[in-house]
Amino acid sequence: MGAFDPKVYAGLLRVRQAYPFEVGCFLMRFYAYMMNIGTVTMVTLAGYSFFTAGLTSSVIALSTFFISPRVSKLVDARGQHRVVPVAAAVTMAGLALMLANVALRGPEWVLFAAALPMGFLPNPQALARARWTYLIRSGRLGSAAPDLRTMFSYEGVLDDVGFMFSPSISIALASAIAPVAGLLAGGVAFVVGTIMLTASRGTEPTPGWSAEGAGEAAEKGSGAVGSRKQKSVLRTSAVVRVLFALMFFVGAFFSVFDATTVALSEELGNPNIAGVVLIVASCVSMVTGFLFGMVHMRIPQYAQLVVAAVAIGLAYGSMFLVDSGLSLFIMSTIAALFYAPMLITANATCERAVPGSRITEAITWMNAGATCGMAFGPSVSGIVVDTWGAAASFDFGAVLAVAVPITALLSLRILKRDVRDGYTVAAEEDVSR
């Protein structure tokens, strides 16, 4: 099925021109991952109600869901250096307004107004993956180009690191210094990261590039590409729609699992259980993702996605068996083995299903599916926990988890038809009339 090669990451580390944009996107990630939980922490510590904090966070999430993919579409059409600084400035303007309002204990409506422009957030995960895809697929790195799948594993590890530590840092700063300190630090990191990313022009994807004609696209420049108005890749690619649905269920069941873990810990009278379980699961996922990148798979990409979907669905589908702290720990630790491989495989499948010039938007839509699921899952599980308890919420999460392999299997024909091995499909671009 595959061969194990522990030296594959050396190829990534040898690409020194990638260091500036990798560091930049990593700093941008820290703000992106702390944005929602940091907002809730800041608003509640400042004396506003939990309802106001949750509603503000929901406005940010919805704004990001609707706006961020459009930002990524513009990035693909016009170039990162043209779009990212403008979108980042709008995002930071919203953050600055929110910080000022919280510091001055201003009216609640200003919080909601400030949350809207924060949805212009450029997606750092997609930006980094788009640059790597461009460098590797366009031939810019020649024979020294690392494996794309290894790159997705490497980026997945960075995602896990940011996801694990940035919320904790935000909460710690807000609690120890001032309510606004956490998001302020995240905003500063985001600005520095944006500057580093934008300044690294040599690795920026040329709008309209393809694996077969990157040089030609570079000669034409961004003007010709930007002049064509393209339809959303969510409308034109069936695989992106499948991935959106898969990630919706992944985000939904995973957020239900997190929230219900906290609820069960409170029912058992030991809140520390949740912290231990979630930290161990995160570490297991990070290590598994790192090791997964060392395996060269020899089965078709669409089959890899289906296998990963079945594995994660069965693993987290077993959460209906959880009835104690020990069973929770065992189940979460085993299930975490399959989380990173699923995300890595989904990203690799996305890259194999759309033209290279649409990769930023496609990955952003995939992430938007997870964001949507993370908003849906806890909102329903909260009602379930209040009404029937944590055990029933785990049952609800198990149903969502099983929906992942069901969706993948029902979409098998689409995946087999539209996902290719080798270079990205040079799919025909649609122009709206």
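The values are calculated or read from the model by the stated rules, or taken from the named source; none is laboratory data. Every value quoted in this text rests on a predicted model; they were computed, and no experiment measured them. Cβ placement follows ideal geometry from the backbone for every residue including glycine, while neighbour counts extend to all protein chains displayed. Calculation scope for accessible area: heavy atoms of the full protein, side chains included, ligands and nucleic acids excluded. Shrake-Rupley method; radii C 1.70, N 1.55, O 1.52, S 1.80 Å.
Summary of values
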{"item": "Members of segment 251-286 found to be farther than 20 Å from residue 387 by Cα, open to solvent by less than 30 Å² (accessible area, probe 1.4 Å), among the small types (Gly, Ala, Ser) and more than 19 Å from the chain's Cα centre (by Cα), listed by number", "result": "274"}
{"item": "Restricting segment 22-55 to residues that are of a type in the set (Gly, Ala, Ser) and touching a helix residue (DSSP H, G or I) at 6+ places or on another chain (Cβ under 8 Å), the residue that is surrounded by the most Cβ atoms within 10 Å (Cβ to Cβ)", "result": "38"}
{"item": "Entirely in segment 334-412, the helices (runs of 4 or more DSSP H) that have 2 or more residues that are more than 30 Å from residue 80 (Cα to Cα) and of a type outside the set (D, E, K, R)", "result": "359-388, 390-410"}
{"item": "Selection status of residue 156, open to solvent by 10 Å² or more (accessible area, probe 1.4 Å) and either at positive phi or without any contact (Cβ under 8 Å) to a residue 40 or more places away in the chain (or both)", "result": "no"}
{"item": "Segment 76-112, residues that are closer than 27 Å to residue 232 by Cα and without any contact (Cβ under 8 Å) to a residue 24 or more places away in the chain", "result": "86, 89"}
{"item": "Qualifying residue in segment 7-21 (condition: polar (S, T, N, Q) and either open to solvent by 50 Å² or more (accessible area, probe 1.4 Å) or modelled with pLDDT under 85 (or both))", "result": "yes"}
{"item": "Test: residue in segment 387-400 that is modelled with pLDDT under 90, out of contact with any helix residue (DSSP H, G or I) (no Cβ under 9 Å at 6 or more places or on another chain) and not basic (Lys, Arg)", "result": "yes"}
{"item": "Residue count, segment 307-340 (criterion: open to solvent by 20 Å² or more (accessible area, probe 1.4 Å) and over 30 Å from residue 389 (Cα atoms))", "result": "1"}
{"item": "Residue within segment 131-138 that is among the polar types (S, T, N, Q), free of Cβ contacts under 8 Å to residues at least 40 places away in the same chain and assigned to a helix (DSSP H, G or I) present", "result": "no"}
{"item": "Answer from 193, 202 - the residue that is out of contact with any Gly (no Cβ under 9 Å at 6 or more places or on another chain), assigned to a helix (DSSP H, G or I) and either within 19 Å of residue 78 (Cβ to Cβ) or not hydrophobic (A, V, I, L, M, F, W, C) (or both)", "result": "202"}
